[in-house]
Amino acid sequence: MNFDDTPQEAEFRSQARAWIAANAPTQYEEELRKSSLGRTQLKNADILEVAKAWQKKKADAGWACLHWPKEYGGRGSSPIERVIWQQEEGPFGKLSHMFIIGHGMCGPTMMAFAREEHKRKYLPPLASGEKVWCQLFSEPAGGSDVAGLRTRAEKDGDEWVINGQKIWTSGAHYSDYGILLTRTDPTVPKHKGLTMFFLDMKSPGVEVRPIKQASGASDFNEVYFTNVRIPDHQRLGEVNDGWNVSLTTLMNERMSIGAGVATGFPELFDYCSGLMLEDGPAIENAAVRSKLANWAVKASGLKYTSMRAISALSKGERPGPENSIGKLVAGSMIQDVAAYALDLQGAGVISGSEDAEVAGRFQAMLLRAPGTRVEGGTDEIMRNIIAERVLGLPGDIRVDKDVPFNKIPTKGR
Amino acid sequence: MNFDFSDDQKQLRDQARKFLTEKCSPKAVRVVLDGKAPYDSELWKGLADMGFLGVAIPEEFGGAGAGHLELCVIAEEMGRANAPVPFSSTVYLAAEALLIAGSDAQKKKWLPAIASGEAIGTLALFEGKGNPSPKSIKVAASNGVLNGVKKPVADGAIADFAVVAARTGTSGRDSDISLFLVDLRGGGVEVKNLTNLDPTRGQAEITFKDCKAEPLGAPGEGWSILTQVLDRAAVLCAFEQVGGADRALEMGRDYALDRIAFGRQIGSFQAVKHMLADMYVSATLARSNSYYGAWALSTDAAELPEAAAAARISATQAFQHCAKNNIQVHGGMGFTWEFDCHMYYRRANAMALGLGSLTYWEDQLIDRMRKKNAA
């Protein structure tokens, strides 16, 4: 048991560190360091442009999408090198937020199912951040129940005609391409009639409408498809095999471990360490200490769980469903932490105060955090995954499993 | 980075699990639970023969000289099996105090006897209600004799010797406290068994009346040694708690698969599934915190105080959470004497207090985190 790098890892780390020190946009370092969930914005710059520039710089020097093959714009690195990179990249990694879906999910799906000429054409500009991708899965009728989606794809000669609506699509408003899951056969049970495509988001008939969130920001969108035409060669996988293709996408999501999941705890501990309450320093208040200690062990438990996963990864094991616990624990924790930070500050911070810098930070966290518990699978889905795939408990009873999709009721009452 | 136990250590764990599955069935635990024996002496002898009692004791003192990581994997199995033996009192508390502060002669006298199973040891720290604190210690030592009452003392009724924390000064500082070694089979010692939450590991009241005692460690160093002993024991107990939590989760899972209600396995109901998933989550967080504690313990790292407190809190919570919800999964059955659930529930709640309460360790953790941040 040790935390030391092997000589090769140490060599890689020092190269990465040196390159980052010489090339990172350090003028934004402090601002990025202070940003927390819900508040990754730059005051005097367009974060999209800064992020794209940083990604391009990395790509040109061979530091983008480290684990991808070189011919697709990556570096061919080992999983552990990717983790070391993330550790060294530190706050600058927050700039990669807009590429997460493209790099973590769309890219690997393209690698597994696209034609070779498409891979060579589309993957390098995805790796370098010149093109941004989104993932068009969720629908009003199919969020956690992804396979319940209704967007139709109908064959017309060498093309498919798409009609329907997607929702909760992160970054669709600045994406160039997307991977799209559609229904191609409504007469068979729901998992058996799906097909996956990729498409140009500028195609005629694609309309993106940003959704204003509870926080006031708009990270997600509704996307409408009206007679959008996609050539058949942009199909990913076989017709009606889209469910299996989407599983590959979702499995890849789990590989994105190591970056460290946001819990809000470091921010809270830091804040409480300096805060004066009416009867003395917050950190010396028994109730505050007890709260902090409870969150401290959750945060450290997650950190070391992730380190155990990294160790397993470096031995060639694949991350399993047990890694669902990060999002499950952190999601509700960050909500509670933000609410508690505001509680400590009292009524004054409802409207902002001389403490606005700190209050604003936790207010943003509070309003963004509910999303964490929903996106990429709700807490309830995460618990099902742990119960079924880790503990081996029976699957939920699925009354629609063997029913043709077009015979499934669409309304509760 | 290799944040995992080695293959050899995992092999040792398998060996310990196999041994304990055979020699420490719930039926065997119940012999002690029902008061028919103060501890399982057969099992104790067997543990000595397997080399488990002295696994972290150096070879020159009769141990296996393996190390603390090895002791951690055995501790986890002791917790899984709910072993009714004075393992934590003897191996984590008494032996560790000797290893930290014992003179060569003291180590030579007691450590080989611990490793071979001939001597049971304990730590006499508490004096009634309250958490570890120099102020709470009233038992006084002067001219090599002790006077006063200690309770509860883990396994005090079966122990051959005790490490006793006693007052040797009146300055009001930590340096008022010194440690002593007492042969409990000698004179001046009165032992009374106490009823307790977890009868599979006894608790006693020990009265010292002009009892002869030899110093352990330098005078005035008692509190500083105790802090180190408690930190080490916190990590080792955390592994027992993780083992217990894991076993309670497993029992709940197995029952949820077996039991049919409303025409379905109860494990197919989301309410039950999600409860078990949450048990898994708490056990996993505790395991990861404990692994970090094990790393700090085995490398004698500066991070040990903070890591030990985190492991302690996390593992205490996980064992309590899993033991409690294991009963809930079992429904009415879980609440009966004949099902084994209550044995883990008792152990979880007794262990939650044995080294000081959760509140105490929460306080410790925040102090230690502050100290680190200030440095």
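The values are calculated or read from the model by the stated rules, or taken from the named source; none is laboratory data. Treat the numbers as computed from the prediction; the structure is a model and nothing was measured. Counting neighbours? That spans all protein chains shown, and the Cβs are built from the backbone with ideal geometry, glycine included. Keep in mind that these areas ignore ligands, DNA and RNA; they rest on the heavy atoms of the full protein, side chains included. Shrake-Rupley method; radii C 1.70, N 1.55, O 1.52, S 1.80 Å.
Of the strands (runs of 3 or more DSSP E) contained entirely in segment B:131-233, those carrying at least 2 residues that are in contact with a Leu (Cβ under 6 Å, 6 or more places away or on another chain) fall at B:161-167, B:177-183, B:203-212, B:214-216. Before we move on, is B:A16 in contact with a Ser or Thr (Cβ under 7 Å, 6 or more places away or on another chain) and of a type in the set (G, A, S)? No.
Is it true that some residue in segment A:359-382 is within 12 Å of chain B (Cβ to nearest Cβ) and outside any helix (DSSP H, G or I)?
Checked against the condition, which is being within 12 Å of chain B (Cβ to nearest Cβ) and outside any helix (DSSP H, G or I), segment A:359-382 yields at least one hit.
Taking segment B:269-375 and the helices (runs of 4 or more DSSP H) fully enclosed by it, the elements with 3 or more residues that are among the polar types (S, T, N, Q) and within 13 Å of chain A (Cβ to nearest Cβ) are at B:270-299, B:304-330, B:358-374.
Among the residues of segment B:350-370, at least one is crowded, with 17+ Cβ neighbours inside 10 Å and closer than 16 Å to B:R247 by Cβ. Reported count of residues in segment A:164-193, each being within 13 Å of A:L136 (Cα to Cα) and out of contact with any Cys (no Cβ under 7 Å at 6 or more places or on another chain), is 12. Could you run through segment A:374-398 and say how many residues are open to solvent by 80 Å² or more (accessible area, probe 1.4 Å) and either polar (S, T, N, Q) or modelled with pLDDT of 90 or more (or both)? So the count comes out to 2.
Yes/no per residue for (1) open to solvent by 20 Å² or more (accessible area, probe 1.4 Å); (2) of a type in the set (V, I, T); (3) without any contact (Cβ under 8 Å) to a residue 60 or more places away in the chain:
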| residue | (1), (2), (3) |
| --- | --- |
| A:G73 | yes, no, yes |
| A:E89 | no, no, no |
| A:G93 | yes, no, no |
| A:F99 | no, no, yes |
| A:A112 | yes, no, no |
| A:E117 | yes, no, yes |
| A:P125 | yes, no, yes |
| A:S128 | no, no, no |
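Tally time: how many residues in segment B:195-212 are open to solvent by 50 Å² or more (accessible area, probe 1.4 Å) and of a type in the set (A, V, I, L, M)? Final tally of qualifying residues: 1.
Considering B:S288, B:S314, B:S298, which residue is among the polar types (S, T, N, Q), touching a Lys or Arg at 6+ places or on another chain (Cβ under 9 Å) and over 24 Å from A:C272 (Cα atoms)?
Exactly one residue qualifies, and that residue is B:S288.
Inclusion of A:E11 among residues that are of a type in the set (D, E), within 30 Å of B:Q9 (Cα to Cα), more than 14 Å from every other protein chain (Cβ to nearest Cβ) and free of Cβ contacts under 8 Å to residues at least 60 places away in the same chain is warranted.
In a residue-by-residue description of segment B:12-33, the property of being within 30 Å of B:C341 (Cα to Cα) and within 14 Å of chain A (Cβ to nearest Cβ) applies to at least one position. In segment A:308-319, the count of residues that are touching a residue at least 24 places away in the same chain (Cβ under 8 Å), facing another protein chain (nearest Cβ under 8 Å) and more than 16 Å from A:K291 (Cβ to Cβ) is one or more. Number of residues in segment A:135-159 that are over 23 Å from A:E238 (Cβ atoms) and at pLDDT 95 or above: the value is 0.
Scanning segment B:1-35 for residues that are under 30 Å from A:E9 (Cβ atoms), free of Cβ contacts under 8 Å to residues at least 60 places away in the same chain and assigned to a helix (DSSP H, G or I) yields a total of 4.
Somewhere in segment A:253-265, is a residue open to solvent by 10 Å² or more (accessible area, probe 1.4 Å) and facing chain B (nearest Cβ under 10 Å)? Within segment A:253-265 (the criterion being open to solvent by 10 Å² or more (accessible area, probe 1.4 Å) and facing chain B (nearest Cβ under 10 Å)), the answer is no, since none of the residues qualifies.
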